[in-house]
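A short worksheet on the structure shown next.
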Amino acid sequence: MSEASLPDWAKALFDPSLRNIAAWGGRGSAKSHSVASSLVLRGANKPLRIVCTREIQNSIKASVKRLLDDKIKILGLDKFYKSTETEIKGLNGT
């Protein structure tokens, strides 16, 4: 598995005591990439039920699905996750 390089603010994304996390900021602040990497990694370590939302999202396919699929591949977890048109499932039930 590859190592994820994340900005300092993204450490909160791995804090198990936080149930809900919101990220905001300007363009280019690595929000989408940081959140996608943390979700992929956290879901591989522990079975989780995750919902991804954005301000505008008609479907997962039209939103962040491609980014999540790319992060799965970059992090070397493409054998762990199965991606379909509507969802992404991990071998552990994530």
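Read-outs: derived from the displayed coordinates by stated rules, not from any lab. Source: prediction; values computed, not measured. Using ideal geometry, Cβ is built from the backbone for each residue, glycine included, and neighbour counts are taken over all protein chains shown.
What FRET efficiency comes out for the pair THR86/TRP24, r = Cβ-Cβ distance, R0 = 35 Å, nearest 0.05?
Efficiency at R0 = 35 Å is approximately 0.80.
In the stretch 1-45, what chymotrypsin sites (Phe, Trp or Tyr not before Pro) fall in a loop by DSSP, with at most 16 other Cβ atoms inside 10 Å? Listed in order of number, the matching sites are TRP24.
Listed here are the pairs LYS46/LYS89; LYS11/LYS73; LYS31/LYS65; LYS31/LYS89; LYS11/LYS31; LYS65/LYS89; which of them are more than 18 Å apart at the Cα? Intermediate values should be presented prior to the final figure.
Numbers: LYS46/LYS89 12 Å; LYS11/LYS73 22 Å; LYS31/LYS65 15 Å; LYS31/LYS89 22 Å; LYS11/LYS31 12 Å; LYS65/LYS89 12 Å.
Beyond 18 Å between Cα atoms: LYS11/LYS73; LYS31/LYS89.
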